[in-house]
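Below you'll find the structure, written out as structure tokens, and then a few comments.
The values are calculated or read from the model by the stated rules, or taken from the named source; none is laboratory data. If you're wondering where the values come from, they're calculated on a predicted model, not measured in any experiment. Cβ atoms come from the backbone with ideal geometry, glycine included; neighbour counts cover every protein chain shown. Side chains are part of the model used for accessible areas, which takes the heavy atoms of the whole protein and leaves out ligands, DNA and RNA. Shrake-Rupley method; radii C 1.70, N 1.55, O 1.52, S 1.80 Å.
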Amino acid sequence: QAVEKLVQGAESGCHTEKERQIVLNCCRLLTRILPYIFEDPDWRGFFWSTVPGAGRGGGDEDDENARPLAESLLLAVTDLLFCPDFTVQSHRRSTVDTAEDIHSIDSCEYIWEAGVGFAHSPQPNYIHDLNRTELLKLLLTCFSEAMYLPPSSDSSNTNPWVQFFCSTENRHALPLFTSLLNVVCAYDPVGYGIPYNHLLFSDYREPLVEEAAQVLIVTLDYDSSTSSSPTVDGTTTGTAMDDVDPPGPDNLFVNYLSRIHREEDFQFILKGVARLLSNPLVQTYLPNSAKKIQFHQELLVLFWKLCDFNKKFLFFVLKSSDVLDILVPILYFLNDARADQSRVGLMHIGVFILLLLSGERNFGVRLNKPYSVRVPMDIPVFTGTHADLLIIVFHKIITSGHQRLQPLFDCLLTIVVNVSPYLKSLSMVAANKLLHLLEAFSTTWFLFSAVQNHHLVFFLLEVFNNIIQYQFDGNSNLVYAVIRKRNVFHQLANLPTDSQSIQKGLQRKKKTPEPISRTNSQDGVSMEGSRPAAPAEPGTLKTSLVATPGIDKLTEKSQVSEDGTMRSLEPEASQLSPEGNPPAALSDGEPWSGEASHSRRERRRLSSASSSGQWTPTPDWVMSWKSKLPLQTIMRLLQVLVPQVEKICIDKGLTDESEILKFLQHGTLVGLLPVPHPILIRKYQANSGTAMWFRTYMWGVIYLRNVDPPIWYDTDVKLFEIQRV
């Protein structure tokens with residue numbers, strides 16, 4: 001009955017107040033009931049079966065041609081979203097009798113907001129906004145059937161509601177996609193620049209923008225790793241799309257997103273997303289003067305989809321320092337959420353976005369821009385660049401985040417490795433942070449306590465090697481820090497490998513439960529106005545997430561040639577990587593492709609599994625990676641510079657570091673260091689593991705953002721578990 005009333009409303013065009021009220025009531029009723037239908041597996045097929053007498057033409061048509069209920073519902077909702085005087089401004093200024101026929105209107109003329117592909121900004125009308133919000137909520141509820149199916153790695157598992165909605169059956173697909181995108185990117189929560197404006201006028205736009213953002217990311221839930229279409233996979237040639245449009249994915253929303261190409265459209269999207277992401281950071285002198293938005297997680301998913309599906313957008317973002325307007329808010333969120341168990345998903349998506357960006361050379365280059373925005377953050381005060389900010393925040397996450405962030409350490413350090421060859425000059429604070437991490441990760445108990453911990457040391461050594469080989473000139477702070485902490489490198493080179501020492505190293509662990517000591521990290525005073533990162537309030541709801549793939553699954557290695565172009569490395573080549581690095585990171589599950597079965601056997605032989613099934617380190621295992629530690633460059637640097645620095649100190653009786661720094665600034669190691677190794681970048685690659693992670697994360701966010709009033713709360717969802725902190 002409810003669907004039938006919606007179909008009738010869409011047919012008639014809802015000209016009377018009474019018809020509009022009926023449509024809204026049916027809308028609310030369905031939004032409330034659908035989750036309970038989805039919850040019951042016996043009813044799941046109900047919407048996809050035809051209902052007798054529900055033919056599109058009323059009763060006179062044969063039932064064979066009848067549409068499934070789901071299709072009738074979706075088509076009615078899309079028609080209603082472009083219904084003059086109900087959800088869009090009518091273009092006719094006339095009486096009801098010549099009302100526009102809903103089937104003859106061209107909905108592209110009724111796009112809700114100016115922006116991509118549409119120049120005219122309609123007069124805001126809060127009644128229309130409210131009606132659109134109700135209809136979008138119903139759409140989202142239709143799509144939410146995905147929440148009632150357990151997570152599966154089978155990517156062919158498409159959501160039939162989304163599939164139909166984003167297909168050519170939906171004649172409003174293009175204007176609707178454009179309307180949703182433009183409404184989100186054009187939204188300015190500040191209240192037209194007048195402080196406290198949001199306290200005087202209620203903002204009808206915000207609920208619509210939230211709903212639009214949620215509908216948008218759900219329709220874009222698409223596993224690009226299985227598609228062969230050039231619009232979505234990582235082809236970096238700019239011409240593939242200009243000459244001939246490839247067929248693109250069946251999902252029209254993904255297709256449209258991947259084909260946006262005008263500079264001004266990119267500018268509009270990037271400015272909009274950056275403005276909204278930095279909204280929580282807007283520190284004015286008047287607290288609460290600007291409205292604080294809550295949908296930053298949806299925005300991050302949207303930004304991820306834009307970069308993942310539209311490579312031209314990704315290159316546009318990296319072309320100017322505008323990318324820093326995305327970077328700073330992400331670092332702010334990462335730093336702010338690091339102690340909060342309920343926001344572990346936010347931590348992951350922030351890191352994923354930075355990993356994706358760090359695969360491009362331009363990102364590393366942009367990081368050299370001085371950091372002058374003083375966003376109050378709970379980190380030491382420093383003077384330096386955006387690269388310093390990134391390293392200081394990552395150090396803070398690793399040393400003072402909660403335990404569940406450990407799987408992200410590989411990712412965080414991979415990002416630093418990817419940008420390191422381009423960092424012109426690190427501040428003393430950031431240089432000390434990097435050495436503190438090396439110190440913490442190279443303690444014997446840390447190295448011997450888990451099978452993959454030594455990878456973190458390899459990543460850090462790679463960072464130092466990249467900077468020394470490619471950016472020695474501006475990095476006297478780092479060189480000085482390396483000289484000061486030279487004993488860490490000597491201890492690594494002389495790491496004991498006999499059973500007794502291994503046991504002794506592990507004994508130390510039992511006394512030190514903290515994963516990384518905070519001592520000897522010169523943590524200065526935190527920035528003014530910052531609040532320490534707080535853990536979640538007890539009782540906070542959170543949703544579970546599926547595990548993310550290991551760093552070797554998430555990335556593929558590319559080598560940067562002399563001219564700056566990248567070429568992908570075959571897995572075989574990875575064994576010949578510079579200075580004998582072990583192939584990237586062997587995750588617990590799957591080691592590196594080229595030597596998969598071999599290394600699994602190897603590792604089983606090298607590390608005996610004790611009776612309890614617990615992994616234990618053996619001398620052979622330690623030897624197997626210790627011999628590959630890339631220490632040559634640093635040892636050579638120490639060999640040349642330490643005697644010189646010591647001589648200066650003795651000759652001039654110096655205790656002042658500024659003199660030594662001055663000496664290092666003018667020094668050169670040309671001809672003294674080993675031949676520079678090729679730069680290796682680990683680029684993110686699409687895979688079904690991350691596609692599934694995004695699906696569970698996105699629906700978890702949407703579930704929790706709709707608890708009051710509840711849509712799905714307390715129903716039996718299967719995609720994730722609801723937990724209380």
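General observations
- Of the Cα atoms belonging to the range 273-362, the radius of gyration and Dmax stand at 13.6, 40 Å.
- Relative intensity, log₁₀ I(q)/I(0), of the range 637-725 from a Debye sum that treats every alpha carbon as a point, q = 0.16, 0.24, 0.26 Å⁻¹: -0.80, -1.15, -1.25
- Cα gyration tensor shape for the range 314-359, rounded if a/c is under 1.5, else prolate or oblate: prolate
- Cut-off 14 Å between beta-carbons: net charge of the residues surrounding PHE165, Lys and Arg +1, Asp and Glu -1: -4
- Percent of C-alpha pairs per 10 Å bin in the range 441-508, short distances first: 19, 44, 26, 11, 1.
- Fraction of accessible area attributable to carbon and sulfur, the range 260-348 (%, probe 1.4 Å): 53
- Amide H partners (placed H, <5 Å) of THR385, local residues excluded: TYR371, SER427
- Only lysines eight or more places from LYS369 in sequence, or on another chain, were considered; those with a Cα closer than 20 Å are LYS271, LYS319, LYS424, LYS433.
- For the range 354-474, the square roots of the Cα gyration tensor eigenvalues, ordered a ≥ b ≥ c, give a/c of at least 1.5 with a/b greater than b/c, which places it in the prolate category.
- Computed E for SER121/GLU646 - FRET, C-beta separation, R0 60 angstrom, nearest 0.05: 0.30
- Trypsin sites (Lys or Arg not before Pro) restricted to the range 296-376 and DSSP loop, no more than 14 other C-beta within 10 Å: ARG374
- Centroid-to-centroid, using Cα positions, the range 356-421 and the range 124-181 are 36 Å apart.
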